[in-house]
Amino acid sequence: MALYSEKVMDHFRNPRNVGIIENADGIGEVGNARCGDIMKIYLKVDNDIITDIKFETFGCGSAIASSSMATELIKGKSVHEAMRLTNKAVVEALDGLPSHKVHCSVLAEEAIQAALKDYFTKKGLPFLTMPMTHRADCSCHEC
């Protein structure tokens, strides 16, 4: 059995939504000091709908694939729908990740949350995070 699913390999080799959005409505950057992965997410929002999303990721193939899939999952969604994105949804959409790479999907969730928080802050609105449901099934030992 292959270590990575075909979807992981596809999103690693052909990542979607790579780049920078100038004058982004929300920007979130997170990193994991232990593995060295860094993710930055840019959001463009119109009438509370994420009309564009881009990412820059410095990291392994799983980190790139997780960033790519996470952006695909929330593009075109409302900011409130995007707030509910979990790393578990990213892992499922990628048809799984090895247990020692689940932390990459956690980073993707956290980067999106950080971008949404920045968006809400810029609009002068309170940001209430969704409960972190991924912590129980995360094996990165950092949650």
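The numbers here are math on the coordinates, done by the rules we state, and not lab data. None of the values given here were measured: they were computed from a predicted structure. Cβ sites come from the backbone with ideal geometry, for glycine too, and all protein chains shown count toward neighbours.
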Per the helix-only model, the chain has a calculated mean residue ellipticity at 222 nm (DSSP H runs of ≥4, -39500 (n - 2.57) each, divided over all residues, rounded to the nearest 500) of -11500 deg cm²/dmol
Quick calc: nm separation of the 7 Å Cα→Cβ label points for LEU128 and GLU81 -> 2.1 nm
Cα-based Rg/(2.2 N^0.38 Å) for the stretch 6-124, rounded to two decimals, is 0.96
Cross-link reach from LYS123 to lysines, straight Cα distance under 16 Å and at least 8 residues apart if same chain, gives LYS44
Sorted on mean Cβ neighbours within 10 Å (highest first), peptides 33-45, 9-21 come out as 33-45, 9-21
